[in-house]
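Report on the structure given below.
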Amino acid sequence: MKVEVLTAKILDNNPNMDRYQLAIAVSKRTDELLNGATSKLSVSKNVKAADLALMEIAEGLVTVKGFVDLEK
């Protein structure tokens, strides 16, 4: 699936998240995957870690915590 489609899906499902927060979440999950974390999806070995992280977040397998809505 294309990165743009996955990004749109995540942002539609999480209206309180912006692109910057999503980039941080993908970065953190990518680091976890590169440091030996097991993927929550069964995909081929030739998928890049950043793409895999984005797919996991889009499918709701990885939750994004710790962001506070400052507009309240």
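No lab work stands behind these numbers, since they all come straight from the coordinates. As the structure is a prediction and not an experimental result, all values here were calculated from the model. Neighbour counts run over all protein chains shown; Cβ positions are idealised from the backbone, glycine included.
Please list, or write none, the lysines whose alpha carbon is within less than 21 Å of the alpha carbon of Lys28, excluding same-chain residues fewer than 8 places away.
Filter leaves Lys2, Lys9, Lys40, Lys45, Lys48, Lys65.
Springs between alpha-carbon pairs under 10 angstrom, Gaussian network model over the chain: which of Asn14, Asn35, Asn46 fluctuates most?
Top of the fluctuation ranking is Asn46.
Considering only the other residues whose Cβ falls under 12 Å of the Cβ of Ile24, what net charge follows from Lys and Arg at +1 and Asp and Glu at -1?
That sum, taken over residues with Cβ under 12 Å, equals +2.
How charged is the neighbourhood of Lys40? Take every other residue with its Cβ under 9 Å from the Cβ of Lys40, and add Lys/Arg as +1 and Asp/Glu as -1.
Combined, the nearby Lys, Arg, Asp and Glu give -2.
Hey, of [x] 48, 16, 9; [y] 22, 14, 9; [z] 26, 13, 9, which did the structure itself give for semi-axes √(5λ) of the Cα gyration tensor in Å when calculated?
Looking at semi-axes √(5λ) of the Cα gyration tensor in Å for this model, the match is [y].
Work out from phi, with θ = phi - 60° and the Karplus expression 6.51 cos²θ - 1.76 cosθ + 1.60, the ³J(HN,Hα) of each residue of region 5-18, listed in order in whole Hz, and give x for Gly and Pro.
For region 5-18, the Karplus-derived couplings read 5, 5, 4, 4, 4, 5, 5, 5, 7, 10, x, 8, 9, 10 Hz, x marking Gly and Pro.
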